[in-house]
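Below is one structure, written out as structure tokens; comments come after it.
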Amino acid sequence: MLLAACNPAGSDSSAAQPVAETLTTTDYPIPPGALFVATNGNDYAPGDQARPLRSLGEAVRRAQPGATIVLREGTYRETVGIIDKKLSIQPFPHERVWLKGSRVVSQWVRDGKAWRHDGWDVPLCRTCFMPEIIDPAYPQAGLPDMAFVDGRPLRQVGDRRSVTVGTFYVDVGRKQLLIGEDPTGRLVEATEFDWLLQFDGAGAAGSSLRGIGIAHYGSIQKYGQRGAMVVVNAPAVTLEHNTFAASASTGAAIFQPDANVTHNRFLDNGLVGLVANRADGLKLSANTFARNNNEHFSLTGEAIGAAGAKVTRTKRAWVSDNTFADNIGTGWWCDLGCTDAVVVRNIARGNVVNGLYYEVSARALIASNIVVGNGGRGIKISSSDHVRLVHNTLIDNGLAIGLYNDKRSPHSDRYSEEQGLSWVTSNTELLNNFLIRQHDAEPFMEAEDHKPYPQPIAPFISASDGNAYLREAGSAPLGTWSLGAGNIVTIFTLPRLRERTGQDLHSLAGAPSPAPFRDPGRGDYSLRESATGFRAGRPLPRDVARIVGVNPNDHPNIGVLSGPRV
């Protein structure tokens with residue numbers, strides 16, 4: 001397996017670890033009666049600040065419901081398991097704490113061109129993945145094993161003859177771990193545990209995990225109890241200011257309502273930074289999701305899930321002020337029965353597939369997002385009705401916006417059928433979106449209808465106006481449009497779009513202004529006064545203004561109203 005590392009440390013001590021660049025310090029207050037844990041503690045100690053425990057697991061065992069556990073600076077290597085009571089877990093103020101699923105490996109012998117460690121026998125499941133989401137070019141992706149040398153990840157190979165510099169191999173039968181470079185005087189870490197903990201049941205409602213770094217756990221790909229380093233299976237749990245890095249599969253999983261996931265970093269995870277299912281009222285705010293699907297799970301097929309964050313069967317998700325960047329997949333993805341999502345003030349940049357994706361779901365506001373340089377669609381809507389795309393800025397994506405009907409029926413998903421979802425793209429609204437391309441080789445828009453009996457009778461888009469379609473003159477069409485009843489047409493110009501659809505009567509098309517954005521290097525994609533689209537938008541709906549957090553405006557700029565607020 002190949003995972004980007006978090007530059008792990010050289011020893012388990014109370015000294016600061018070199019991973020600190022991916023972990024910010026916090027200053028959470030310590031309530032009276034808190035339990036303390038330190039790397040030089042003792043699990044037979046009382047657990048107060050002067051006589052701390054050694055392990056988080058022992059602190060969890062001793063803690064009374066409602067207790068706070070404080071970890072002192074350092075790296076802890078353990079698995080905790082089920083937590084069925086309300087607890088708060090946090091670091092000591094201004095100290096950095098890592099919880100890792102790896103072990104420091106020593107006692108190596110030379111074995112041909114490799115180095116070998118004997119007696120490697122860790123309880124990881126090497127069959128717990130769906131074969132259909134394994135890309136043949138990356139056949140080891142589903143395996144939970146990981147190895148790191150001085151914080152640098154090694155790539156897993158399938159036999160000992162393939163071991164060379166930068167790679168490792170686990171010989172399960174012989175209980176051997178082989179690496180392709182000299183470990184002398186270096187820190188070698190290899191994964192031993194598959195998960196850290198699970199908040200579980202009503203008793204753990206209201207728990208929190210704050211300010212901690214979690215890394216190197218061999219979380220399995222099959223979604224379920226051990227499918228992430230941290231699993232939230234209790235209501236109203238807070239994950240805040242944590243770093244979830246370098247898991248074999250998934251950083252964190254949310255399976256209960258009202259989770260508050262804010263100011264975390266989900267980096268370099270094997271498949272996905274965060275998954276959520278039946279997580280009604282999920283708040284996903286001010287997080288960074290970067291370089292996930294580092295194991296290169298497949299990007300094609302019906303069972304895929306590679307993303308920065310993927311959410312399913314969830315009502316009223318609030319997704320704001322996040323950055324979804326450079327994921328080997330989609331940035332943010334809501335699928336299989338999401339309803340009433342609000343997606344505002346996010347950045348989706350440089351993702352290999354889509355920036356933002358709403359699939360077989362219903363009702364969403366996607367507004368004031370910055371969507372830049374994604375390889376597939378900037379924003380993709382598939383078999384989803386009543387989606388509003390308002391004041392988004394879309395720059396140099398493979399396609400700016402894609403609207404689709406796929407062939408599936410909601411009868412294939414009991415939850416969606418129970419919610420009365422149609423799985424039909426209809427009543428899409430586009431208002432004041434800023435679409436810009438440096439080149440004219442591809443269209444801005446794409447529409448496709450793959451339903452066996454084309455529907456709806458009406459077009460995919462029910463209202464569109466105040467948008468800007470900007471690029472240098474060329475031969476590429478503006479895009480393909482649904483006229484309803486499965487009729488998809490190619491439209492080359494804005495006047496032709498108005499003629500065929502009656503839409504976009506106040507929209508703009510033409511060459512972009514030079515340097516239209518105020519300060520894109522600092523994330524400010526608001527328009528300069530000289531830019532095409534400045535104060536050219538249609539009146540801003542009051543509900544959108546309230547949700548985005550700006551004043552109502554009858555003459556707004558086209559494109560993003562407000563960037564992320566962190």
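Residues in the range 518-542 that are exposed (fewer than 13 other Cβ atoms within 10 Å of the Cβ) and closer than 16 Å to Val390 by Cβ: Arg542 only. In the range 96-125, the residues that are over 29 Å from Leu71 (Cβ atoms) form Cβ pairs under 8 Å with partners that are part of a strand (DSSP E or B) and of a type in the set (Phe, Trp, Tyr), at six or more places apart or across chains, as follows: Trp108/Trp115; Val109/Trp115; Ala114/Tyr169. The one condition from (1) surrounded by fewer than 16 Cβ atoms within 10 Å (Cβ to Cβ); (2) under 16 Å from Phe36 (Cα atoms) that Pro91 does not meet is (1). Comparison of Thr300, Thr243, Thr323 shows that the only residue that is of a type in the set (S, T, N, Q) and free of Cβ contacts under 8 Å to residues at least 40 places away in the same chain is Thr300.
Taking the range 526-543 as the range and being out of contact with any Lys or Arg (no Cβ under 8 Å at 6 or more places or on another chain) and of a type outside the set (Lys, Arg) as the test, the residues that pass are Glu529, Ser530, Ala531, Thr532, Gly533, Ala536, Gly537, Pro539, Leu540, Pro541, Asp543. Criterion first (within 30 Å of Glu529 (Cα to Cα) and surrounded by 13 or more Cβ atoms within 10 Å (Cβ to Cβ)) does Pro459 satisfy it? No; evaluated as a whole, the condition is false for this residue. Of the numbered criteria (1) surrounded by 24 or more Cβ atoms within 10 Å (Cβ to Cβ); (2) more than 23 Å from Thr25 (Cα to Cα); (3) among the hydrophobic types (A, V, I, L, M, F, W, C), the one Ala236 fails is (1). From the list Asp171, Asp182, Asp159, Asp200, the lone residue that is under 28 Å from the mean Cα position of the chain (by Cα) and at pLDDT 95 or above is Asp200.
Please verify whether the range 407-415 includes one or more residues that are touching a Pro at 6+ places or on another chain (Cβ under 7 Å), surrounded by 24 or more Cβ atoms within 10 Å (Cβ to Cβ) and in contact (Cβ under 8 Å) with a residue 40 or more places away in the chain. No, the range 407-415 contains no residue that is touching a Pro at 6+ places or on another chain (Cβ under 7 Å), surrounded by 24 or more Cβ atoms within 10 Å (Cβ to Cβ) and in contact (Cβ under 8 Å) with a residue 40 or more places away in the chain. If only one of Ala50, Ala59, Ala45 is more than 35 Å from the chain's Cα centre (by Cα) and either crowded, with 16+ Cβ neighbours inside 10 Å or part of a strand (DSSP E or B) (or both), which one is it? Checking each option against the conditions leaves just Ala45. Applying the criterion of being more than 22 Å from Ala306 (Cβ to Cβ) and within 23 Å of the chain's Cα centre (by Cα) to the residues of the range 371-395, the residue that is surrounded by the most Cβ atoms within 10 Å (Cβ to Cβ) is Asn392. When the criteria are applied in full, Gly331 meets the requirement of being in contact with a Leu (Cβ under 8 Å, 6 or more places away or on another chain), buried (at least 24 other Cβ atoms within 10 Å of the Cβ) and either assigned by TED's automatic domain parsing to the domain that holds Tyr404 or not charged (D, E, K, R) (or both). Going through (1) crowded, with 24+ Cβ neighbours inside 10 Å; (2) farther than 18 Å from Gly66 by Cβ one by one, Ser207 falls short only on (2). For the structure I just gave you, tell me whether Gln438 is exposed (fewer than 15 other Cβ atoms within 10 Å of the Cβ) and either touching a strand residue (DSSP E or B) at 6+ places or on another chain (Cβ under 9 Å) or part of a strand (DSSP E or B) (or both). Taking the combined requirement at face value, the residue satisfies it. Condition check: under 16 Å from Asp326 (Cβ atoms) and touching a residue at least 12 places away in the same chain (Cβ under 8 Å). Does Asn392 satisfy that? For Asn392, the condition - under 16 Å from Asp326 (Cβ atoms) and touching a residue at least 12 places away in the same chain (Cβ under 8 Å) - is not met. With a requirement of 3 or more residues that are crowded, with 19+ Cβ neighbours inside 10 Å, the strands (runs of 3 or more DSSP E) lying completely within the range 97-197 that satisfy it span 97-100, 114-118, 147-149, 167-171, 176-179, 188-191.
The values are calculated or read from the model by the stated rules, or taken from the named source; none is laboratory data. Being a predicted model, the structure only gives us computed values, none of them experimental. Glycine gets a Cβ as well: all are built from the backbone with ideal geometry, and neighbour counts include every protein chain shown.
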